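The values are calculated or read from the model by the stated rules, or taken from the named source; none is laboratory data. Predicted model only: the values in this text are computed from it and were never measured. Here the Cβ is made from the backbone with ideal geometry for all residues, glycine too, and neighbour counts use every protein chain on show. We work out accessible area using only protein heavy atoms, side chains counted, and drop any ligands, DNA or RNA first. Shrake-Rupley method; radii C 1.70, N 1.55, O 1.52, S 1.80 Å.
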Number of protein chains: 2
Amino acid sequence: MGGVTEAGAMENAEELFRVAVIGSGNWGSVAAKLIASNTVKQSMFHDEVRMWVFEETLPNGRKLSETINQENENVKYLPGIKLGSNVVADPDLLNSVKEVNMLVFVTPHQFVEGICKRLVGNIRPDAEAISLIKGMEVKTEGPCMISKLISEMLSVNCCVLMGANIANEIAVEKFSEATIGYRQDKEAAQRWARLFSTPYFLVSAVPDVEGVELCGTLKNVVAIAAGLVDGLDMGNNTKAAIMRIGLREMKAFSKLLFSSVKDSTFFESCGVADLITTCLGGRNRRVAEAFARSGGKRSFDELETELLQGQKLQGVSTAKEVYEVLRNRGWQSLFPLFTTVHEISIGLLPPTAIVEYSEHARNLNLLQGAVQLH
Amino acid sequence: MGGVTEAGAMENAEELFRVAVIGSGNWGSVAAKLIASNTVKQSMFHDEVRMWVFEETLPNGRKLSETINQENENVKYLPGIKLGSNVVADPDLLNSVKEVNMLVFVTPHQFVEGICKRLVGNIRPDAEAISLIKGMEVKTEGPCMISKLISEMLSVNCCVLMGANIANEIAVEKFSEATIGYRQDKEAAQRWARLFSTPYFLVSAVPDVEGVELCGTLKNVVAIAAGLVDGLDMGNNTKAAIMRIGLREMKAFSKLLFSSVKDSTFFESCGVADLITTCLGGRNRRVAEAFARSGGKRSFDELETELLQGQKLQGVSTAKEVYEVLRNRGWQSLFPLFTTVHEISIGLLPPTAIVEYSEHARNLNLLQGAVQLH
């Protein structure tokens with residue numbers, strides 16, 4: 001009888017799932033648009049989608065949050081796209097999560113810890129979280145998973161959503177996919193999938209948080225390698241080989257760090273598809289191409305400043321972080337591509353070293369052996 | 001004691017492995033070059049590499065085989081590249097395989113049966129074969145594997161070598177990889193790997209002939225899909241998603257046909273890397289792009305004639321063959337991408353259908369279930 005009562009309660013308006021998007025940059029705004037299109041259609045969700053905005057004053061003197069609410073558009077980070085009239089921007093973090101039980105984190109990764117500190121004690125006890133944040137840090141003692149940080153600081157279950165997701169392409173409703181990684185709670189993962197899925201944005205869920213989340217970070221190291229190949233004018237054949245070796249090292253590295261990581265995750269959107277997108281068009285690829293064209297004579301820092309107008313390059317710093325882990329554990333020879341990317345980026349090796357793997361061929365067999373131990 | 005004698009016999013000159021390359025087109029010539037660079041260096045192989053040439057008279061009146069032997073270059077199919085002075089072209093098929101115990105097949109696939117008929121009874125009983133031929137036919141009763149055809153007609157063990165192998169890029173020694181698929185004889189596979197591997201051409205062997213060989217054919221269907229996305233100007237995000245869905249269908253189709261096929265094969269060069277190369281630069285992609293740009297108004301046949309100067313498009317015919325298998329077995333709804341490529345190519349659906357998968361989302365879950373049955 002208790003079960004029936006609970007099921008009945010789910011239908012009450014007060015038991016609807018309420019969503020807040022924490023972050024309002026380019027990807028955060030697209031996420032809010034995707035979510036808002038679903039909450040109005042699916043009865044399990046409350047229509048309103050709260051979006052926490054890190055307040056800014058625009059050149060015209062207006063506040064960003066007010067503009068979003070008046071024009072239903074993030075004029076600064078996603079101009080020209082209507083978010084849905086049910087998206088409500090709020091510059092007050094704690095007010096934005098009031099009554100909310102589905103928290104979507106989509107801020108730059110360096111802000112997560114500070115945000116979580118402020119949220120402790122101010123969220124619903126039954127809240128669930130999901131992180132859309134790519135590019136966590138890989139510390140010597142292991143990667144600092146954003147989902148784990150959120151989960152531990154807020155005592156909530158935290159999934160991740162990653163994939164081949166160029167925000168501006170999804171904003172104009174071009175077909176795309178994404179992968180949700182979850183730990184145990186499949187039902188929560190399916191709820192997140194329902195919240196994000198649209199006819200042009202297909203979401204599937206896999207029980208592998210770490211694998212999915214590591215894909216989103218490690219792909220940037222491979223994109224540096226792919227960019228070097230482009231800059232050396234080596235052609236598609238070599239580029240494909242380098243991307244494949246990169247994918248293998250992503251898989252092997254993730255599995256050595258977390259024995260729970262599954263091979264199949266790398267066939268998902270977060271794996272092979274995001275890698276392809278990033279190696280074809282991303283900014284890591286672009287700066288690495290320019291680096292190789294300069295013969296390694298100009299530094300990544302210099303090229304980043306020149307080419308990216310203030311956007312930051314994650315691949316080079318991730319390569320450094322990964323290298324520290326490899327050195328610390330004596331795994332360098334098992335990961336020739338990751339190792340070589342870092343050594344090229346600091347000028348220890350010339351850009352052409354990215355395609356010199358024959359001496360590593362035996363080590364690659366060792367790697368397969370090492371990974372099969374798990 | 002017998003073992004010692006056998007090992008000793010291996011060192012005798014008469015027991016050296018002798019190689020013939022059957023075929024002398026673009027890829028066959030590059031294969032001969034790779035092999036010839038190894039046979040002179042490795043003592044287990046006889047230096048000389050025989051290459052069977054389908055004789056042609058060149059515009060200057062000279063015979064192709066004579067020109068190859070005089071200039072050490074295939075002036076018609078691989079101009080500008082020295083093959084190695086130990087490559088000996090021979091227009092006589094049976095003479096070219098005399099004393100040979102390693103047969104490398106690299107002809108257009110429609111010639112294999114006729115060649116094998118002529119070879120029956122004229123090869124060494126201890127001969128081994130390898131097929132470099134991509135694009136076998138997929139008949140309604142199942143794929144007609146070239147390796148199986150060779151193996152059964154000649155009663156020999158037959159491996160395959162596939163991968164992201166654009167002949168002209170490997171000819172100029174740009175870094176690349178390849179995958180050997182073998183059935184049981186790991187020792188034979190390792191010997192083939194030694195015959196082909198160079199510092200710029202890394203070869204690994206996996207015990208999955210069917211998986212490796214099917215990759216080489218099915219990728220062309222995915223390349224048609226990728227070309228359509230290019231022609232629709234959908235961007236890298238969508239293209240990556242379509243390539244990923246294509247890879248998944250390649251894997252699922254192969255596994256449904258052969259329960260022995262391994263997931264890991266699709267992470268090898270023959271899988272993800274060859275798919276990337278083919279979807280970035282191949283001719284299937286190119287013609288499909290033109291098809292989509294015409295809004296599907298011009299036929300594939302017409303565009304093939306216009307764009308490819310006599311080269312043939314394999315993706316469209318493979319898509320048709322695959323479709324027949326799917327229809328015959330009632331699997332169409334499990335393979336939305338393969339099915340859609342065919343239906344677009346015959347004008348039943350518009351090119352835009354390539355990115356309309358939401359209705360298939362449930363079927364994709366069915367597919368995962370079906371494949372997990374194996």
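Values computed for the structure shown
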read-out: Failed item in (1) open to solvent by 10 Å² or more (accessible area, probe 1.4 Å); (2) within 25 Å of A:S37 (Cβ to Cβ); (3) away from chain B (no Cβ under 14 Å); (4) in contact (Cβ under 8 Å) with a residue 60 or more places away in the chain, with A:P143 passing the rest; value: (2)
read-out: Filter pass, B:V203 being open to solvent by less than 10 Å² (accessible area, probe 1.4 Å), more than 8 Å from chain A (Cβ to nearest Cβ), among the hydrophobic types (A, V, I, L, M, F, W, C) and touching a Phe, Trp or Tyr at 6+ places or on another chain (Cβ under 9 Å); value: no
read-out: Those residues of region A:307-342 which are under 19 Å from A:A241 (Cβ atoms) and not in a helix (DSSP H, G or I), in sequence order; value: A:F335
read-out: Matching residues, region A:151-199, being open to solvent by less than 30 Å² (accessible area, probe 1.4 Å), assigned to a loop (DSSP other than H, G, I, E, B) and within 14 Å of chain B (Cβ to nearest Cβ); value: A:G163, A:A164, A:N165, A:F175
read-out: Selection within region B:266-319 - away from chain A (no Cβ under 14 Å), of a type in the set (K, R) and under 19 Å from the mean Cα position of the chain (by Cα); value: B:K312
read-out: Subset of region A:244-260 [open to solvent by 10 Å² or more (accessible area, probe 1.4 Å) and either outside any helix (DSSP H, G or I) or in contact with a Phe, Trp or Tyr (Cβ under 6 Å, 6 or more places away or on another chain) (or both)]; value: A:K251, A:F258, A:S259, A:S260
read-out: Region B:287-315 - residue that is among the basic types (K, R) and under 20 Å from B:A353 (Cβ atoms) and, of those, least open to solvent (accessible area, probe 1.4 Å); value: B:R298
read-out: Scope region A:90-107; condition open to solvent by 10 Å² or more (accessible area, probe 1.4 Å) and not in a loop (DSSP other than H, G, I, E, B); matching residues; value: A:D90, A:L94, A:N95
read-out: Check on B:I123, outside any loop (DSSP other than H, G, I, E, B), open to solvent by less than 40 Å² (accessible area, probe 1.4 Å) and touching a strand residue (DSSP E or B) at 6+ places or on another chain (Cβ under 9 Å); value: no
read-out: Scope region A:224-243; condition away from every other protein chain (no Cβ under 12 Å) and either crowded, with 24+ Cβ neighbours inside 10 Å or on the phi > 0 side of the Ramachandran plot (or both); matching residues; value: A:I224, A:G227
read-out: Positions within region A:261-285 being surrounded by fewer than 24 Cβ atoms within 10 Å (Cβ to Cβ), of a type in the set (D, E, K, R), in a helix (DSSP H, G or I) and at pLDDT 95 or above, in sequence order; value: A:D263
read-out: Residues of region A:96-124 satisfying the condition of being of a type outside the set (V, I, T) and within 19 Å of A:E15 (Cα to Cα); value: A:S96, A:K98, A:E99, A:N101, A:M102, A:L103, A:N122, A:R124
read-out: Residue match in region A:80-89 (condition: of a type in the set (K, R), closer than 19 Å to A:A32 by Cβ and either assigned by TED's automatic domain parsing to the domain that holds A:T179 or not in a loop (DSSP other than H, G, I, E, B) (or both)); value: yes
